[in-house]
Each structure stands twice: as C-alpha cells, then as structure tokens.
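Working notes, beginning with the structure itself.
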Amino acid sequence: MDPLILKTATAVSQISFFSSFAEMKEELCRSLPENCRIVAIIDEKVDVFYGYLFPYEKITVVADERAKTMATVERITRRLMEMKAGRDTFLLGIGGGITTDICGFVASIYKRGVSFGFVPTTLLAMVDAAIGGKNGVNVDGYKNMLGTITQPQFVISCPAFLSSFQKSEICKSVPEVLKTRLIGGKSIEEVADFFGNTDSLKGLEDGRLLGFIREAAEVKCRVVASDERESGCRRILNLGHTFAHALERCSGNRLSHGEAVGIGLVLAAKNGGAGRMTESIAAVLKQLGLPSQIPENLEITELNRAVLQDKKNSGTHLNLVVIDEAGKISLKQKLVKDLIWG
Ligand SMILES: NC(=O)c1ccc[n+]([C@@H]2O[C@H](COP(=O)([O-])OP(=O)(O)OC[C@H]3O[C@@H](n4cnc5c(N)ncnc54)[C@H](O)[C@@H]3O)[C@@H](O)[C@H]2O)c1
Ligand SMILES: [Zn+2]
C-alpha cells in the first residue's frame, strides 16, 4: 500500500502501512538512520507482547494518563543521560498515543531536539495521535498543557498489533475513525459494518482495516499540511471533542474518550442542525455497541461549566465545530448556554 507523505513548512514525514510484522520490520530497518544510536521509548505492556520485534536499547513507559507528566519526561531524560545518549540519538516511540506523545515531546527538547519516529500500536494512535506532530504532557490533570509541534520522520502502522486487544476495546476507538471519515466526506456505515461484524478482526491481515486506517491518516495529513499550527482549519479535527471532553470530565471518566467522542459527533450534528446525520451517526454507534446519548445522571449546567473550562475555549462564545445540514463540517459561533445536549 502506498505511503503518505506529510509535507509541512518545516518537515517531511512518511506514513506507511503494512499488514504483517515481517513487512513492518523491513520498513523500520529501511527507515531508521544508519548513523544514529537507536533508543526505543516503548509502552511496557507492548514490550511484553511485542518487545522481541524491536532489538534496540529501550526505555519503558507506563501508558497511564496520570503518568503523562513532566516527571516521566525527566525520568526518561535522566536515563538518556546515564546512557550517554548524544545528539546523534534517534528516539523510536512504540505504543499508543500516550507513549508517542511523550516520546515526541522528549525528542523535541532533549539536547534541543533529536530525530524520532513512531510505530503506533493502538487504533487511535494509528489514525490520529501518531500523526501531525503534536506531542506533550499533562500538568495537574489538565491535558497536554506542555508540548511542541514537531513532526516525526516516519510513522509505520501495522494493524497486526491490534490482535492483543478485545474487540470491544477496539470498537471504543472507532468514533475517532468516524470523525475523520465525516471530515473527509466518506461513508461511516461501511466502517460500522466492518467493526460491527463479530468476525471482522479475526483476520487482521484483511486489507479493509488497513484501508480504513490509511484513509483516516490521509484526512489528518491533508488538514495538518494546510494548517500545522492550528491557526485555522486544523480546528475541524476537534469535531465532537468539545462535547467529549466535557462528558469525560463530568462522568468522572466512566465514559472512555472514544465513547465520549461518539456522543460528541451526534451532538455536533444536532447543534449544526443536521437532522439526518444525527440519526445516521446514532445508528452507527448503536451497531458498534456504543452509547449515542449523554448518560441520564449528567447535569446540563455541569456540562456547560466543563465546556468553559476546556483550554480550547475562551469566554462564553464557542467556536464550535459542527456538521451542518449539507453534511459539511464548519465552525459555528455559539453561546455555551445555547448548546444542545440531547
Ligand atoms: N498528539 C495528538 O495529536 C493526539 C491525538 C489524539 C490523542 N492523543 C493522545 O493519545 C492518548 C490516548 O492514546 P491511546 O488511546 O492510544 O492510549 P494509550 O497509549 O493509553 O493506550 C491504551 C492502552 O492500550 C495499551 N496498549 C497499547 N498498545 C497495545 C497493544 N498493541 N495491545 C494491547 N494493549 C496495548 C496501553 O498500554 C494502554 O493500556 C491521550 O493521551 C491523548 O491525549 C494525542
Ligand atoms: Zn480524540
């Protein structure tokens, strides 16, 4: 499958897609710079399952939002210093979005910046987190407060890594795939038919899954290439997320990020006045076994308060990303008190 090339003002990254570990490894060997010392920053769980695929010096990380902090960045930095890792070091981030966010951040500041690349191992990281150069850590529970935008040299995706997940766990990340398909104007029913089918993930070499991952990555690359620093259109990638962040916070994280994004997509259509899309998205979520409405015990006033606390929103006016009647994604000015939650 052809790779994608993401060209921004400052960098060129290659994003490639392989069905099997053998092909993924071949590409990794081709992509790693020969004259660099390779240090893998790897999710400790991924290291247990797949560490044998990566015969490099390693620093493990725990994929826990609470450990996505400066303390972990400092621990990795100290370890690199002990290893006497110089500016010729290449950091290889292997894991989900937590690991790639931390690895990218360390790489962008260690000794004023070293090169890096990613092998994402979760669906979310393959379609979203590993692409686009945003990285960073949380501060006092507030997400991604410190970070940079620095592009990896490469991202190598291989859905064979997904075989160690329960299918229901993978389905929870599918709303992120739906999000990019809505932005890219592609059918969401096709994705629901694939993931909603009980046997679909048995044969992970199935080219359809790889195709969905590539299509989602392509949409993200297109948006990032035109607005790397999010001064304009990159904001559309937040589709559903204003609602999702408030739902995650107010449900005390009982709703996972993906589940909250799913409900957020329904609400983005509802708030944009897209009646038919509201119904289609809700139907697709149902097919995936995911919630499509806000939990009954959540208070609208609390949700509105949480929206106002979101770092991306300022004042009482929101620049909300919505799906309009024509199915187009657009930005709409809205007062927080006028948000429709159900
Ligand atoms: N940089 C960006 O543009 C961007 C975009 C979206 C999300 N993010 C960030 O991504 C993070 C979420 O990423 P995520 O959902 O990939 O979570 P994650 O990194 O926490 O991984 C989820 C869980 O899966 C485990 N895991 C990883 N790969 C596995 C595998 N192959 N088999 C079995 N278990 C595996 C991890 O150990 C962890 O327990 C958040 O911190 C979010 O802020 C970043
Ligand atoms: Zn998300």
Condition broken by Lys58, with the remaining ones in (1) open to solvent by 40 Å² or more (accessible area, probe 1.4 Å); (2) assigned to a strand (DSSP E or B); (3) out of contact with any Asp or Glu (no Cβ under 9 Å at 6 or more places or on another chain) satisfied: (3)
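Yes/no matrix, rows are residues, columns are (1) of a type in the set (Asp, Glu); (2) part of a helix (DSSP H, G or I); (3) within 21 Å of the chain's Cα centre (by Cα):
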site: Phe243; (1), (2), (3): no, yes, yes
site: Asn253; (1), (2), (3): no, no, yes
site: Ile294; (1), (2), (3): no, no, no
site: Leu303; (1), (2), (3): no, yes, no
site: Gly315; (1), (2), (3): no, no, no
Exclusive hit being open to solvent by 50 Å² or more (accessible area, probe 1.4 Å), within 28 Å of Ile170 (Cα to Cα) and under 13 Å from the mean Cα position of the chain (by Cα), set Lys134, Lys143: Lys134
Odd one out for Lys68, checked against (1) open to solvent by less than 40 Å² (accessible area, probe 1.4 Å); (2) closer than 21 Å to Ala217 by Cβ; (3) in contact (Cβ under 8 Å) with a residue 60 or more places away in the chain; (4) not β-branched (Val, Ile, Thr): (2)
Residues that are more than 16 Å from ligand 1 (Cβ to nearest atom), open to solvent by 10 Å² or more (accessible area, probe 1.4 Å), in a helix (DSSP H, G or I) and not β-branched (Val, Ile, Thr), drawn from the range 256-280: Lys270, Gly275, Arg276, Met277, Glu279, Ser280
Test: residue in the range 6-20 that is closer than 18 Å to Phe161 by Cα, in contact (Cβ under 8 Å) with a residue 60 or more places away in the chain and β-branched (Val, Ile, Thr): yes
Subset of the range 20-43 (residues that are surrounded by fewer than 18 Cβ atoms within 10 Å (Cβ to Cβ) and touching a helix residue (DSSP H, G or I) at 6+ places or on another chain (Cβ under 9 Å)): Ser20, Phe21, Lys25
Of all residues in the range 103-122 being assigned to a helix (DSSP H, G or I), open to solvent by 10 Å² or more (accessible area, probe 1.4 Å) and not basic (Lys, Arg), the one that is farthest from Ile149 (Cα to Cα): Tyr110
Every pair of residues 6+ apart whose Cβ atoms lie under 6 Å, when the first sits in the range 42-60 and is free of Cβ contacts under 8 Å to residues at least 60 places away in the same chain while the second is within 11 Å of ligand 1 (Cβ to nearest atom) and part of a helix (DSSP H, G or I): Thr60/Glu44; Thr60/Asp47
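Can you confirm whether Ile98 is under 14 Å from Val62 (Cα atoms), assigned by TED's automatic domain parsing to the domain that holds Met83, out of contact with any Ser or Thr (no Cβ under 6 Å at 6 or more places or on another chain) and assigned to a strand (DSSP E or B)? Let's see the steps before the verdict.
On the way: under 14 Å from Val62 (Cα atoms): yes; assigned by TED's automatic domain parsing to the domain that holds Met83: yes; out of contact with any Ser or Thr (no Cβ under 6 Å at 6 or more places or on another chain): yes; assigned to a strand (DSSP E or B): no.
It is false that Ile98 is under 14 Å from Val62 (Cα atoms), assigned by TED's automatic domain parsing to the domain that holds Met83, out of contact with any Ser or Thr (no Cβ under 6 Å at 6 or more places or on another chain) and assigned to a strand (DSSP E or B).
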Selection within the range 257-304 - within 16 Å of ligand 2 (Cβ to nearest atom), at pLDDT 95 or above, farther than 14 Å from Trp341 by Cβ and in contact with an Asp or Glu (Cβ under 8 Å, 6 or more places away or on another chain): Gly258, Val261, Leu290
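The values are calculated or read from the model by the stated rules, or taken from the named source; none is laboratory data. As the structure is a computational prediction, the values presented were derived from the model and not from experiment. Virtual Cβ from ideal backbone geometry, glycine too; neighbours counted across all protein chains shown. For accessibility, only protein heavy atoms count, side chains too; no ligands or nucleic acids. Shrake-Rupley method; radii C 1.70, N 1.55, O 1.52, S 1.80 Å.
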